[in-house]
1. Using beta carbons and a limit of 8 Å, which pairs, at least six apart or on different chains, have the first residue in the stretch 107-134 and closer than 12 Å to residue 146 by Cα and the second one among the β-branched types (Val, Ile, Thr) and part of a helix (DSSP H, G or I)?
2. Which numbered condition in (1) farther than 26 Å from residue 72 by Cα; (2) in contact (Cβ under 8 Å) with a residue 24 or more places away in the chain; (3) of a type outside the set (Val, Ile, Thr) is the only one that residue 223 fails?
3. So which residues in the stretch 130-147 are out of contact with any Ser or Thr (no Cβ under 9 Å at 6 or more places or on another chain) and not charged (D, E, K, R), if there are any at all?
4. Please identify the pairs in which a residue from the stretch 155-169 that is β-branched (Val, Ile, Thr) has its Cβ atom under 8 Å from the Cβ atom of a residue that is assigned to a helix (DSSP H, G or I), counting only partners at least 6 apart or on another chain.
5. So which residues in the stretch 176-230 are in a strand (DSSP E or B) and open to solvent by 60 Å² or more (accessible area, probe 1.4 Å), if there are any at all?
6. Quick one: which strands (runs of 3 or more DSSP E) sit completely within the stretch 51-164 and have at least 1 residues that are open to solvent by less than 30 Å² (accessible area, probe 1.4 Å) and under 14 Å from residue 175 (Cβ atoms)?
7. If only one of 141, 145 is under 20 Å from residue 208 (Cβ atoms) and under 13 Å from the mean Cα position of the chain (by Cα), which one is it?
Amino acid sequence: MPDWKGRRGKRGDSGRSRVLVVAVVPLVLAAVAVVGLRWNDAHGRGDSPTAAFAVARAAATDSGTGNAYRVEVEDGSGLDPDKAAAVVARILAAPRGWSHHGEHRFRQVAAGPAGLVIRIATPETTDRICGESGLDTHGEVNCRVGADVMVNLKRWQTGSPEFDGPLAEYRALIINHEVGHWLGHGHETCPGKGRPAPAMMQQIDGLKGCVANAWPYDTNGRYLGGPSVP
């Protein structure tokens with residue numbers, strides 16, 4: 001009899017333990033689910049965090065003709081999106097740029113469809129977004145992915161040691177080069193020693209005898225190109 005009572009007591013303890021486990025496990029799973037939802041809400045879906053961008057609005061319009069584009073600046077970059085957009089607008093409208101006396105027209109929008117999105121982002125965010133399309137920007141350069149032109153904040157703020165000119169001119173090269181890709185232009189190389197480097201040349205890799213140049217056209221409207229790079 002004592003042995004039977006002892007075994008009965010043990011069976012009762014085991015039953016209570018199973019009840020406790022059954023009750024606790026759903027609570028733990030629910031807590032994990034809540035934490036997961038909060039992480040996803042804060043950091044975006046997927047394995048890596050997503051960045052937040054501020055849209056430039058001051059000079060945007062909801063009507064007009066031309067290629068609609070939007071300018072965005074990553075939060076925390078220290079840049080004013082409207083000031084950055086004003087720089088971009090001047091570059092796109094310049095006669096020596098892709099507008100080329102009306103050959104292409106651009107208009108800034110803040111909402112609605114935009115076939116071109118110019119985003120100024122930290123090197124880390126640029127690497128992540130460009131890398132999603134298999135492009136290795138290794139924290140240093142810019143890229144174009146579909147409708148997005150990704151401008152590396154480091155290049156926007158510091159220029160390039162290979163570019164002999166003011167920062168404003170290098171910013172023009174960034175926009176002209178990447179928007180050139182968006183328009184369908186491929187890479188080009190130096191056409192000859194002492195001549196202007198094409199805007200579609202990867203000038204950050206060296207000028208190969210050419211002279212630094214930010215613009216696709218000269219002051220006479222002639223295209224400043226070079227041999228295509230396969």
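The values are calculated or read from the model by the stated rules, or taken from the named source; none is laboratory data. Just so it is clear, the structure is predicted and the values come from calculations on it, not from any experiment. Here the Cβ positions follow ideal geometry from the backbone for every residue, glycine too, while neighbour counts run over all protein chains shown. Ligands, DNA and RNA are excluded from the accessible area calculation, which covers all protein heavy atoms including side chains. Shrake-Rupley method; radii C 1.70, N 1.55, O 1.52, S 1.80 Å.
1. These pairs meet every condition: 116/179; 118/88; 118/175; 118/179.
2. (2)
3. 133, 134, 135, 138, 147
4. Note: pairs meeting the criteria are 158/167.
5. Selection gives 211, 223, 228.
6. On the way: elements: 53-55, 67-74, 106-108, 116-121, 143-145, 148-152.
Per the criteria, 67-74, 106-108, 116-121, 143-145, 148-152.
7. On the way: 145 fails: under 20 Å from residue 208 (Cβ atoms).
It is 141.
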